[in-house]
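The values are calculated or read from the model by the stated rules, or taken from the named source; none is laboratory data. Computed from a predicted structure; not experimentally measured. Cβ placement follows ideal geometry from the backbone for every residue including glycine, while neighbour counts extend to all protein chains displayed.
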Amino acid sequence: MRTHVEFRSNKFPPYDSEEEEINPGLWGRRLAEYIKQNLTSRGLATGDIVAEDWGCMLPVQREPFELWIGCGHQYGDDDVFLCFIEPSKPTVRKWLKTFDATGDIKRVSDLLNDVLSADPDIRNVRWMQEGDEFGIHV
């Protein structure tokens, strides 16, 4: 199941002082805003963007379990980014119940792929699953 996507783009520089909010060399708010706007226009309800120490988290409104997209710059070149979907496994356990997340994860990854593939300013889109080796080699 594809849950992690790396790509290159000059479209998402950090905001002033954003690296102070997260960690030096990491940012992701512009990317999260871009993803939020494009997913919302495609009918996917999202929540408020939350800053994390690795980038930004974009919640996807989903019950009965949480689903979100991590958005962030990768260490190294300023144009390398990663988005990842959580949960990244097909099943989720909550309240002593097991939920099948496969359809929800697939829907989010398909929409995210549509957004990234449609933008000529985004290049070298490469999907992976959790556990694959990261790092764009171009």
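Name every residue in segment 114-129 that is touching a residue at least 12 places away in the same chain (Cβ under 8 Å), in a loop (DSSP other than H, G, I, E, B) and either closer than 22 Å to Ser41 by Cβ or not polar (S, T, N, Q) (or both), in order of residue number. Correct list: Asp119, Asp121, Ile122. Screening segment 11-98 for strands (runs of 3 or more DSSP E) wholly inside it with 3 or more residues that are touching a His at 6+ places or on another chain (Cβ under 7 Å) and either without any contact (Cβ under 8 Å) to a residue 12 or more places away in the chain or on the phi < 0 side of the Ramachandran plot (or both) returns the ranges 80-86. Within segment 63-89, can you find the residues that are crowded, with 18+ Cβ neighbours inside 10 Å and modelled with pLDDT under 90? Selection gives Gln74, Pro87.
Which residue is modelled with the highest pLDDT, if the candidates are limited to segment 90-108 and must be farther than 26 Å from Ser41 by Cα and polar (S, T, N, Q)? Ranking the qualifying residues of segment 90-108, first place goes to Thr98.
One residue stands out among those in segment 1-43 that are surrounded by 15 or more Cβ atoms within 10 Å (Cβ to Cβ) and small (Gly, Ala, Ser): the one that is farthest from Asn113 (Cα to Cα), which is Gly28. Residues in segment 67-107 that are within 17 Å of the chain's Cα centre (by Cα) and among the basic types (Lys, Arg): Lys89, Lys106, Arg107.
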